[in-house]
Amino acid sequence: MSLKPCPSNFPAYSKSVRSEAIQALSYLVLARKWRPQTFQDLIGQEHVCRTLQNAIESGRVAHAFLFTGARGVGKTSAARILAKALQCENGPVQEPCNVCPACLEITSGNSVDVIEIDGASNTGVEDIRELRENIKYLPSRCRFKIFIIDEVHMLSTSAFNALLKTLEEPPPHVKFIFATTEPHKVPITILSRCQRFDFKRIPLPKIVDRLRTIVAEEKVAVSEASLTAIARKGDGSMRDSLSTLDQVLAFCGNDVEDDEVIALLGVVDRRLLLETSRAVFDRDCQAALDIVARVDSFGYNMRSFCQELIDHFRNFVVLKVSSNPAELLDLAEGELEDIREQATAGTLDQLQRYLSVLLKAESEMPLSGFTRLILEMALLKMCTLLPVVPVDELIERLKALEGGGGNNLPPPSVTPRAPQATVPAAARSVEMPAITPPSAGPSPSAPILEGWPGFVAFVNSEKKSLGKILEHGRPLQFSAKDVEIGFPAGSFHLSCLQDAETLATLTELAARYCKAAPTVRLTSLNGENKGLPSTVQEKKSLEADGRQRKLEEAARKHPLVTAAVEIFEAEITEVSALERDAGAKEEID
């Protein structure tokens, strides 16, 4: 394949045509076109501007400044404005004129006495040594030789060390202005030699106001909702917000539609968040599920949407507790009104419970592959959460229980709770007449019972350790002449009684109880115990079971317990007798 030469009659582009084409393509982005040129234009950093202006007016301008803060909040712009204010032919002045040659050269970046250095590209010690050599010379045209070093934290340790002495005692005609997004990486020896100014994130309403002014000057129609979405995408950075606005204008042209902005930026529509909170407040489960389906169809990340919901419900909480919520909420005025309108539908306690559900769901999402299901279950739980009973009302109702026996209770003020809840401690501790169970055994003053149980009780009163062993024995034969006791073969109790001394003590106690001289024999039992007499321990267990059944039956039928269950819509899971000593009972009475 051969290349043919250009025909001689082919029209050659003239220099004027080429320059016009280049000029047409050399579009100046909004972030550069609308860069602040005076302290008054620096939005959201009033504390920095006032301090610098006062220093210029009083003649107390330091030799080194350190501007720190997030990206796009005006650090480098403030450095240039300060340089113009110091170099202005009418000054030093609080506001540069921006018309004198010195101001114009600094604005265009052509000033030989204002040197801007990229700290990320000039990190070595050789670069700093070259800077130190340059410092010796007086400024060419202006008052000062000003060095602006951006991203100063990128300098190497050796470069910082080379700068220390010069930074501490610079010539009177030299000023340093450092800018960084990561001040913690700057050595403390450098920080101590500079005046530090911390630049804040720009509040969303101020970014919206600035964007509104810019689109008006650019003769572009953008709604308030779209401006708010663009400003929120900037996340407190004016430069990021202007870059986003440039992207939106490139996509939409001069007539910007809200839906196009939302689709382009990939952010969650605030209307969707308001619909979600409305569904929760209205307890509309179907609407909540439909919203999750829409979120999925839009392609939003479920965890990101959950985080947006957390921030959305936090706005409700702040609005409830703060007298001036606009200072705490990153919302435009229109969004604040929408939040204020919905906030009346929920109490502070409900909002806190909603936030707890969302926070739990958000923490579970990274660990699960079913993020949509987690979000759906969280919203359904929020829709079905019922209001809690106020503490004051609970106290009044409990007082009514104590005074009226549960016959004249006020009606519950909330919808009954879900079943399976246990009776709260406050309800369980309500004072009610004691339910006296049958006696567990003979009292010390009662006569000793006849038969085997009486003998065991007698031995317990004389020698308790021996009596406890007999409680596990079976009376195979018990008379004034013969006492035969059976124990399982190889059991601990049998081995204890087989001791000669213990057996002699048992024989002596049996003689005293029977008022005779019975023969005491121990029998080893093998196999099942079916048909054999019961032990005292087994009889006690049967009696205890019977007492517990009677106790539960009496408690469930008691009017105070019935009323408490009705109030709390709960279930009784456990009943136990109240044990009080005599003194406590007298005090209660």
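Details
- Lone unmet requirement of (1) at pLDDT 90 or above; (2) over 17 Å from residue 46 (Cβ atoms) for residue 200: (2)
- In region 122-144 there is no residue matching the filter, namely being under 30 Å from residue 203 (Cβ atoms), touching a residue at least 12 places away in the same chain (Cβ under 8 Å) and either aliphatic (A, V, I, L, M) or crowded, with 20+ Cβ neighbours inside 10 Å (or both).
- Residue 118 being within 29 Å of residue 33 (Cβ to Cβ), under 45 Å from the mean Cα position of the chain (by Cα) and in contact (Cβ under 8 Å) with a residue 40 or more places away in the chain: no
- Residue in region 18-25 that is surrounded by 10 or more Cβ atoms within 10 Å (Cβ to Cβ), among the small types (Gly, Ala, Ser) and modelled with pLDDT under 50 present: yes
- Check on residue 559, surrounded by 13 or more Cβ atoms within 10 Å (Cβ to Cβ), out of contact with any Phe, Trp or Tyr (no Cβ under 6 Å at 6 or more places or on another chain) and assigned by TED's automatic domain parsing to the domain that holds residue 504: no
- Residue list for region 49-71, restricted to those being of a type in the set (A, V, I, L, M) and either in contact with a strand residue (DSSP E or B) (Cβ under 8 Å, 6 or more places away or on another chain) or within 26 Å of residue 240 (Cα to Cα) (or both): 52, 61, 62, 64, 66, 70
- Verdict on residue 190 being assigned to a helix (DSSP H, G or I), in the same structural domain as residue 64 (by TED's automatic domain parsing) and on the phi < 0 side of the Ramachandran plot: yes
- Evaluation of residue 90 against (1) in a helix (DSSP H, G or I); (2) without any contact (Cβ under 8 Å) to a residue 24 or more places away in the chain; (3) farther than 29 Å from residue 30 by Cβ (one fails), failing number: (1)
- Some residue of region 217-227 being under 26 Å from residue 201 (Cα atoms), without any contact (Cβ under 8 Å) to a residue 12 or more places away in the chain, loosely packed, with under 14 Cβ neighbours inside 10 Å and over 30 Å from the mean Cα position of the chain (by Cα): yes
- Flag for residue 290 being of a type in the set (Asp, Glu) and without any contact (Cβ under 8 Å) to a residue 12 or more places away in the chain: yes
- Single condition residue 471 does not satisfy, out of (1) acidic (Asp, Glu); (2) within 30 Å of residue 575 (Cα to Cα); (3) at pLDDT below 85: (3)
- Subset of region 298-329 [surrounded by fewer than 17 Cβ atoms within 10 Å (Cβ to Cβ) and part of a loop (DSSP other than H, G, I, E, B)]: 299, 301, 322, 323, 324, 328
- Of the numbered criteria (1) under 23 Å from residue 193 (Cβ atoms); (2) surrounded by fewer than 22 Cβ atoms within 10 Å (Cβ to Cβ); (3) not small (Gly, Ala, Ser), the one residue 52 fails is (2).
- Subset of region 145-192 [crowded, with 18+ Cβ neighbours inside 10 Å and among the charged types (D, E, K, R)]: 145, 150, 151, 175
- Identity of the residue in region 523-533, farther than 12 Å from residue 478 by Cα and surrounded by 14 or more Cβ atoms within 10 Å (Cβ to Cβ), that ends up nearest to the chain's Cα centre (by Cα): 525
- Criterion (aromatic (Phe, Trp, Tyr) and modelled with pLDDT of 80 or more) met by exactly one of 492, 568: 492
- Residues in region 456-470 that are more than 60 Å from the chain's Cα centre (by Cα) and not aromatic (Phe, Trp, Tyr): 456, 457, 459, 460, 461, 462, 463, 466, 467, 470.
- Note on region 47-74: residues that are assigned to a helix (DSSP H, G or I) and touching a helix residue (DSSP H, G or I) at 6+ places or on another chain (Cβ under 9 Å) amount to 6.
- Residues in region 93-113 that are in a loop (DSSP other than H, G, I, E, B) and closer than 20 Å to residue 49 by Cβ: 6 in all.
Yes or no, residue by residue, for (1) among the polar types (S, T, N, Q); (2) in a loop (DSSP other than H, G, I, E, B); (3) under 30 Å from residue 103 (Cα atoms); (4) within 34 Å of the chain's Cα centre (by Cα):
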{"residue": "147", "(1), (2), (3), (4)": "no, no, yes, no"}
{"residue": "176", "(1), (2), (3), (4)": "no, no, yes, no"}
{"residue": "196", "(1), (2), (3), (4)": "no, no, yes, yes"}
{"residue": "205", "(1), (2), (3), (4)": "no, no, no, yes"}
{"residue": "210", "(1), (2), (3), (4)": "no, no, yes, yes"}
{"residue": "214", "(1), (2), (3), (4)": "no, no, yes, no"}
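- In region 336-363, residue nearest to residue 300 (Cα to Cα) [restricted to those that are surrounded by 16 or more Cβ atoms within 10 Å (Cβ to Cβ) and acidic (Asp, Glu)]: 362
Yes/no matrix, rows are residues, columns are (1) surrounded by 14 or more Cβ atoms within 10 Å (Cβ to Cβ); (2) more than 17 Å from residue 316 (Cβ to Cβ); (3) touching a Gly at 6+ places or on another chain (Cβ under 9 Å); (4) at pLDDT 85 or above:
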site: 243; (1), (2), (3), (4): yes, yes, yes, yes
site: 256; (1), (2), (3), (4): yes, yes, no, no
site: 266; (1), (2), (3), (4): no, yes, yes, no
site: 282; (1), (2), (3), (4): no, no, no, yes
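The values are calculated or read from the model by the stated rules, or taken from the named source; none is laboratory data. Here the structure is a predicted model, which means the values were calculated and not measured. Ideal geometry is used to build each Cβ from the backbone, glycine not excepted, and the neighbour counts take in all protein chains shown.
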